[in-house]
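Step one of this worksheet: look at the structure below.
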Amino acid sequence: MMFAGWIVTAVLCMQPAAEPVNPYPRQFMPGGEPVVISFEEDTAGFRAENQCSLSIENGVLVVESRGDDPYISRDMELPGDDYQVEIRHRTTVPGGFGIYWTCGDSPGRGEDKAGHFGITADGRWHTYTVGIHAPGGLRNLRIDPGTAEGRFEIAEVRVIPLTAAPLVVEQVAAEDDAVAFFVRNVGKKPVAFRHGGQPVELAAGERVELRQPTAADRPLDCVELKLELPDGPPVARQAVVVHDAAPAEWIGCEVPGEAGMTLEAAQDSNLARLRKGETILAVIAPVAAPSQPGRPGQFARIPALQVRAVAGGLDLSGDGIRVAVRPAGDAIRFRVDADELVEGPVVRARGGLEQGLFAGLEYLGKGEPSSSKADIETPEHLRFAPDRLKITMPLVAFTTDRATVALSWDDMRLQPTYATPNFVDGTAEHRMSLVGTRYEAFLRLKHETLEDAVLWAVQRHGLPEPPDPPRSPKEQEELVLWALTQGPLRTDEGWGHCVEPNWKRQFFADMASTIGRITGEVPATPTLVPGGAHLSDDYAFFLTGRADLWAEFQRNRAEQAVRAQQPDCSYRYSGPYLKGHFEDTASGHCALYAKQLLEYAYETGDQDALQAGVRTLEYMKRFRTPRGAQVWELSLHTPDILASAHLVAAYVRGYELTGNKEYLELARKWAITGIPFVYLWAEHPVMLYATIPVYGATNWVAPNWMGLPVQWCGLVYAYALTMLAPYDSTLDWHR
């Protein structure tokens, strides 16, 4: 690296001490002339593919949707790997908007090549922008203009070739008097640039630390690094720093939530904080500020807001931004009204992290970072500002040693963000926010558990009504019976667990029992093997004179579980999926054994199984996160709805067998932990009550199960909830 002149500070290092999380892996710049697709004469190559028709009116492409999944597409033959697609669109039909693409290296459509947005359905023109990666060249562009019947208009589509900047700001670290920006040349040749007016040169692969001073006399300071390249726009990165000791005129009000808590905002700044006595529970910085398009966490500017105390709250305004802060039950409502896209409230929870939740994507334990590679190692590990269709319910939350800080919202078109520790600004805080234009956010701070925050978010509106079933109960029974008697699941050797031929066919009791329950007659089989389905049904053993066979199997399984129990009453795992976890046990791994032991005790009265199961129930009180129930393909660390299911079932059986009400409370707790795996909103017919199995990927690579429902996992969870329902009315568990 070569320097000409003076630069603040520079420290070279070829390898960082630990892999940082970078919310902005690359910055792109225009790399060629845009392809502009307009519709003055015809559809410009776009064709209707599904549930829609096309026409041209006054130079506008009109899409008339006949269903909930309309889409159009156009073949493309563009070189290069990266593009920015801009679509000028208007409608009055609420819902979602999306694009899909294919490329030379990946010719099939899929969610790995897709972008989804919320529609602004006000009848005005809006431009939706997405950056796409299409290695091998862009081959096809599909547009999903809406998710409902109605009229959607497209005025123009622009496809802009992009070139990746050779410099990447890999990491930011805020200190008392400066912010350190760690910059790497990721190109294959030296790069010359200017920083602070001074020329700098970095060799290929080199990394430099550039320090920018902060203004300690400002309560809120936006520190920006700007690296000027010979060609194209500068490479830039910001860090927003809060100085608690800086002088400010604080205007406060009492707010609901934690007893004795005060909300106060700094006059002529863009900052608020929630404190109890002298302890700051959370900082809001900024309250709301214009966001850089496509870069949540980076601001076009942070304007000073005027603060005015009003009855019951505060009003903040300035530069086209208006925020009304009011009580809303035991939460604080932020009503944001802006003339442009803004981010806020940007909530920074203080204190040591005990737990964290981003519904659908993150379920963190004590001190764990978000966007880690413990459960998924592909670029999809970055979950700072994910595709909103992967969010199962409107909730982001942190539980610290000071309070549980939870943020919820109503408009699912908003973009939430989530980072712990705050890798956006390089601080130890825990950052979460929303991005939108006009919306309401609800913030709750209480000394409570993470499960309490989940329950609060659900109870704000209640559980949604289930969708209409696709068939009647009789039709469902007929379909199941066909699958078990005539479909490819059945052969002369019995049934397969799955339909593919590689699954060994056996005479599974679960399948025989199901046929018996539907028809009233258990089919004749040469033998019976326990299992076959994800929900056990031993009915067939008893109606075919094989109760002794059932008892032998159950006894052997219980004895094996007792032998596997460790001296501390845990169960340990030592296989290849230990990678990613911080210990060799997990809640879901232990709960499976506890459930088996207690189920056996419930059915037979066996006291050895009962005592062994109860000992594991006691051991499992140490766990907070549902994880580690599918170690045949996933890390022991991976958050898992199946773990929630096993834990609920085990503790309900424990309560039924012992009368210990603490076990019922624990069953309720673990039931709540499963809710963030369940979609409680819908933009498409299959979304509502679909269940995400885990927050991770098979073998850390693929499939990535976030946003990819697996209903058998949800079925096991639902069955466990029906066990809890007779004893607990916290929610309608049958729903």
I want to confirm something. Restricting to segment 592-648 and keeping residues that are within 19 Å of the chain's Cα centre (by Cα) and among the basic types (Lys, Arg), which single residue is nearest to Leu535 (Cα to Cα)?
Arg627
Restricting to segment 122-148, what's the tally of residues that are in contact with a Ser or Thr (Cβ under 9 Å, 6 or more places away or on another chain) and either more than 17 Å from Gln415 (Cβ to Cβ) or polar (S, T, N, Q) (or both)?
15
Looking at Arg557, is it out of contact with any Gly (no Cβ under 9 Å at 6 or more places or on another chain), of a type in the set (D, E, K, R) and in a helix (DSSP H, G or I)?
yes
Kindly list, by first and then second residue, each pair from a residue in segment 634-654 that is over 18 Å from Thr616 (Cβ atoms) and in a helix (DSSP H, G or I) to a residue that is at pLDDT 95 or above and of a type in the set (Phe, Trp, Tyr), limited to pairs with Cβ atoms under 8 Å and residues at least 6 apart or on different chains.
Ile641/Phe677; Ile641/Tyr717
Of all residues in segment 105-125 being buried (at least 16 other Cβ atoms within 10 Å of the Cβ) and free of Cβ contacts under 8 Å to residues at least 60 places away in the same chain, which is nearest to Leu341 (Cα to Cα)?
Ala121
From the list Ile143, Ile154, which residue is of a type in the set (Val, Ile, Thr), more than 30 Å from the chain's Cα centre (by Cα) and assigned by TED's automatic domain parsing to the domain that holds Thr43?
Ile154
With the condition kept exactly as written, say whether any residue in segment 542-553 is part of a helix (DSSP H, G or I), under 25 Å from Arg615 (Cβ atoms), among the charged types (D, E, K, R) and touching a residue at least 24 places away in the same chain (Cβ under 8 Å).
no
Restricting to segment 303-332, what's the tally of residues that are in contact with an Asp or Glu (Cβ under 6 Å, 6 or more places away or on another chain), assigned to a strand (DSSP E or B) and loosely packed, with under 15 Cβ neighbours inside 10 Å?
1
Which condition from (1) assigned to a loop (DSSP other than H, G, I, E, B); (2) under 20 Å from Glu380 (Cα atoms); (3) not aliphatic (A, V, I, L, M) is the one that Asn699 breaks?
(1)
Please state which one of Thr514, Thr519, Thr525 is more than 30 Å from Leu721 (Cα to Cα) and not small (Gly, Ala, Ser).
Thr525
Please tell me if His430 is buried (at least 21 other Cβ atoms within 10 Å of the Cβ) and either modelled with pLDDT of 95 or more or not assigned by TED's automatic domain parsing to the domain that holds Arg273 (or both).
yes
Yes or no: segment 190-202 includes at least one residue that is outside the structural domain of Ile321 (by TED's automatic domain parsing) and touching a Gly at 6+ places or on another chain (Cβ under 6 Å).
yes
Answer yes or no: is there a residue in segment 428-448 that is in a helix (DSSP H, G or I) and of a type outside the set (A, V, I, L, M).
no
List the pairs whose first member sits in segment 713-735 and is in the same structural domain as Val678 (by TED's automatic domain parsing), whose second member is β-branched (Val, Ile, Thr), and whose Cβ atoms are under 6 Å apart, counting only residues at least 6 apart or on separate chains?
Cys713/Ile641; Cys713/Thr691; Gly714/Thr691; Tyr717/Ile641; Ala720/Val648; Met723/Val652; Leu724/Val648; Leu724/Val652
Close pairs (6 angstrom Cβ cut-off, 6 or more residues apart or separate chains): without any contact (Cβ under 8 Å) to a residue 40 or more places away in the chain and part of a strand (DSSP E or B) in segment 195-221, polar (S, T, N, Q) and surrounded by 13 or more Cβ atoms within 10 Å (Cβ to Cβ) anywhere
Asp221/Thr214
Residues within segment 457-477 that are touching a Phe, Trp or Tyr at 6+ places or on another chain (Cβ under 9 Å) and not in a loop (DSSP other than H, G, I, E, B), tallied:
1
Of the listed residues (Gly294, Gly257), the one being at positive phi, surrounded by fewer than 23 Cβ atoms within 10 Å (Cβ to Cβ) and not in a strand (DSSP E or B) is Gly294
Testing His195 on (1) surrounded by fewer than 21 Cβ atoms within 10 Å (Cβ to Cβ); (2) more than 35 Å from the chain's Cα centre (by Cα); (3) of a type outside the set (Asp, Glu), one condition comes back false. Which one is that?
(1)
Which condition from (1) buried (at least 23 other Cβ atoms within 10 Å of the Cβ); (2) over 30 Å from Pro30 (Cβ atoms); (3) not hydroxyl-bearing (Ser, Thr, Tyr) is the one that Arg237 breaks?
(2)
Out of curiosity, is Ile72 in contact with a Gly (Cβ under 7 Å, 6 or more places away or on another chain) and part of a strand (DSSP E or B)?
no
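The values are calculated or read from the model by the stated rules, or taken from the named source; none is laboratory data. Because the structure is a prediction, the values reported are computed rather than measured. Counting neighbours? That spans all protein chains shown, and the Cβs are built from the backbone with ideal geometry, glycine included.
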